[in-house]
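Read through the structure below, which is laid out as structure tokens, and then see the notes.
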């Protein structure tokens with residue numbers, strides 16, 4: 001269904017241009033009101049691009065993003081995780097055969113995006129708890145200092161994050177929870193690789209009071 005909005009345009013037209021058509025009593029001027037109805041489909045066809053990010057977070061609801069998949073995932077608790085096109089750069093890997101510890105939803109950690117530099121998503125202004133889900137799943141990483149990267153969530157910097165050390169080893173889920181206040185309509189996360197590639201399994205965006 002198309003939804004329409006109406007724009008009210010007010011214009012004052014000099015009556016000297018219309019004097020042949022109107023009586024002298026109206027020659028001082030006339031205010032013309034023009035109602036213009038425009039469909040969103042027309043706006044889209046104009047080529048105008050939205051600001052950074054994709055579809056907004058639904059008001060009042062948690063948005064769960066699976067970083068390494070191109071299709072939705074329903075986890076072991078019945079929660080749905082949606083794919084995202086909000087990442088800049090990087091690639092994805094899926095390893096469904098893995099057994100992930102320290103979590104009730106291991107399927108969320110069996111895929112990952114790695115090598116990304118940025119994540120930007122359009123969300124309404126307000127307070128949120130952003131949960132970043134990580135796990136070391138690449139078999140070549142078997143000790144500390146092999147997967148070290150920095151990330152910045154809305155100005156809160158986490159420098160030299162050693163994922164193996166933070167998770168307590170490989171194949172173990174690790175969640176970093178960061179409270180943020182959004183004032184410009186975009187949630188932005190930056191990633192910088194130091195040793196190996198930055199990697200992430202999923203992101204949750206949880207509205208707060």
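Every number here is computed from the coordinates shown, using simple stated rules; none is lab data. In this text the structure is predicted, and so the values were computed from the model without any measurement. As a convention, Cβ positions derive from the backbone with ideal geometry for all residues, glycine included, and neighbour counts pool all protein chains shown.
Of note:
- Extended-chain gain in nm, criterion 0.36 nm per residue less alpha-carbon gap, residue 146 and residue 97: 15.4 nm
- Measuring spread by the Cα atoms of region 127-202 yields a radius of gyration and Dmax of 12.9, 41 Å.
- Peptides 192-203, 159-170 ordered by average Cβ neighbours within 10 Å, highest first: 192-203, 159-170
- Taking a ≥ b ≥ c as the square roots of the eigenvalues of the Cα gyration tensor, region 63-207 is oblate, since a/c reaches 1.5 or more and a/b is not larger than b/c.
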